[in-house]
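Below is one structure, written out as C-alpha cells; the observations come after it.
The values are calculated or read from the model by the stated rules, or taken from the named source; none is laboratory data. What you see is a predicted model; the values in this text were computed from it and never measured. Here the Cβ positions follow ideal geometry from the backbone for every residue, glycine too, while neighbour counts run over all protein chains shown.
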Amino acid sequence: MPFYRISEMEDVKDIYAPTYHKQVNGEFMKVGILTLHPGEEPDPHFHPNEEQFDLIMEGRVRMVLGEETKVLERGDLVHIPRGTIHGRQVLDGAPLVFLNCKSPVGSGALSGDFNRAADAEKIRGRLVKG
C-alpha cells in the first residue's frame, strides 16, 4: 500500500547508532524518519553507493558536509552527494527528527551503505567546536 501513517510504522534498530527509526523501501529509494538525541549521533561517515536528502522536521543540528559546517533547523533540506563525508551533532539538548531519503535501495537497510570516515574523530571535533 502506498500510504503510511508514521505513528503506525514499525521501529527498526539502526545498524550503526543506538537509535531506532521508521522506514519504507520503494523500488529505487528508501525513506526513514529518525529521531536522534544528543550523544546518539552516528560517527561521521560516507555512502559510496547512495545519494541522500535530509529534511529537518524538528530540532536543530550542526552538520558537517564535506568541508562545510552549518547549523540546520526545522524546514532545512540538505543534499548529500554519494561519497561525501557527513556527520551531525544535535544542539540544544532537544531531539532532532528528520526525514532521510536515499537512493538506490541497495540491501534495504537505511544504514546499509555506511562507511565510517577515516578521520571521524577530527570531523567530530569540527562538530563540537562549530
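Observations, loosely collected:
- Qualifying residue in the stretch 55-70 (condition: in contact with a Leu (Cβ under 6 Å, 6 or more places away or on another chain), surrounded by 14 or more Cβ atoms within 10 Å (Cβ to Cβ) and not in a strand (DSSP E or B)): yes
- Pairs meeting the criteria (first residue in the stretch 44-68 and at positive phi, second residue β-branched (Val, Ile, Thr) and at pLDDT 95 or above, beta carbons under 6 Å, at least 6 apart or on different chains) are Gly66/Thr84.
- Residues that are under 21 Å from Leu72 (Cβ atoms) and of a type in the set (Asp, Glu) were ranked within the stretch 13-60; the one that is nearest to the chain's Cα centre (by Cα) is Asp54.
- Where a residue in the stretch 88-113 is in contact (Cβ under 8 Å) with a residue 12 or more places away in the chain and of a type in the set (Val, Ile, Thr) and its partner, wherever it lies, is surrounded by fewer than 15 Cβ atoms within 10 Å (Cβ to Cβ) and in a strand (DSSP E or B), with Cβ under 9 Å and at least six apart: Val97/Glu58
- Test result for Val78, crowded, with 16+ Cβ neighbours inside 10 Å and either part of a loop (DSSP other than H, G, I, E, B) or at pLDDT 95 or above (or both): yes
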